[in-house]
Amino acid sequence: MLSKLLQTANLFHLLFFIDSELAAAKRSAGCPHCGGPLHQSNYMRQPRGGPVGLPAEYCLRRSLCCGRDGCRRRSTPESCLFMGRRVYWRCVVLVATALMQRRAESQSIGQLSRLIGVPRKTIMRWFDYFAEVFGNSSEWLRIRGFLPATVSNDCLPVNFLEYCIMQSQDALSGLVMCCHLLGRGG
Ligand SMILES: [Zn+2]
């Protein structure tokens, strides 16, 4: 069920809409270094793992550049669609890792890999990242304090994703909530 969501264009519409708002808010706040005006300086990425035929603008990684001479520094808005420099969409990373963590014994990693179209080595890398690094990342620590203790730190991201789905009307809204909270850092 979760894997099917990754092929749902509406998921990406919603995340794109949130990212647009995050970028607008960042832009209107001005340059964090000097307070100068921020101009758009987006660049194209080729994220993997989503449905074919998404609008090209969804693949734009938003970026802002200070317009003041002597500063010109770049600032990058928070994003629900993208997760750092990873080449897959954030939702794909989350769902693939969650499915890996909740995988039935009868399901091999190879089967999971074919189901979501991500190489098994990549899934294993994400799995290790969440097991070893993510629990202490600033991204997670910023939201940890707002969550009930029932969301365990031990099995992330699946515990957090399941919490978001429980709080939402349906799995799609839950996945959006999960990407949103992680993307904007709480
Ligand atoms: Zn500046």
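Taken together, the values in this text are just the output of simple stated rules run on the coordinates, not laboratory data. The model shown is predicted, which means the values in this text are computed figures rather than measured ones. Cβ sites come from the backbone with ideal geometry, for glycine too, and all protein chains shown count toward neighbours.
The table that follows gives values for the structure above.
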| item | result |
| --- | --- |
| For the chain, alpha-carbon Rg relative to the globular expectation (2.2 N^0.38 Å, N residues) | 1.08 |
| Using θ = phi - 60° and Karplus 6.51 cos²θ - 1.76 cosθ + 1.60, couplings along segment 70-77 (whole Hz; Gly, Pro as x) | x, 10, 6, 7, 8, 10, 10, x |
| Computed [θ] at 222 nm, deg cm²/dmol, the chain (DSSP H ≥ 4; -39,500 (n - 2.57); rounded to nearest 500) | -14500 deg cm²/dmol |
| Cα long-axis angle, helix 90-101 against the chain (0 to 90 degrees, to the nearest 10) | 20 |
| Cβ charges +1 (Lys, Arg) and -1 (Asp, Glu), total dipole of segment 2-184, debye | 640 |
| Förster radius 45 Å - calculated FRET efficiency between Ser28 and Lys121, Cβ distance, rounded to 0.05 | 0.60 |
| Modelled FRET efficiency - R0 25 Å, Asp170 with Phe17, Cβ distances, 0.05 increments | 0.90 |
| Helix axis angle, 171-184 relative to the chain longest principal axis, alpha carbon, degrees | 40 |
| Full-extension gain in nm, Val87 to Ser3, via 0.36 nm per residue minus C-alpha separation | 28.5 nm |
| Estimated FRET transfer efficiency (Thr150, Arg68; beta-carbon r; R0 35 Å; 0.05) | 0.15 |
| Gain on full stretching of the segment that runs from Met44 to Ile109 - 0.36 nm per residue minus C-alpha separation | 20.3 nm |
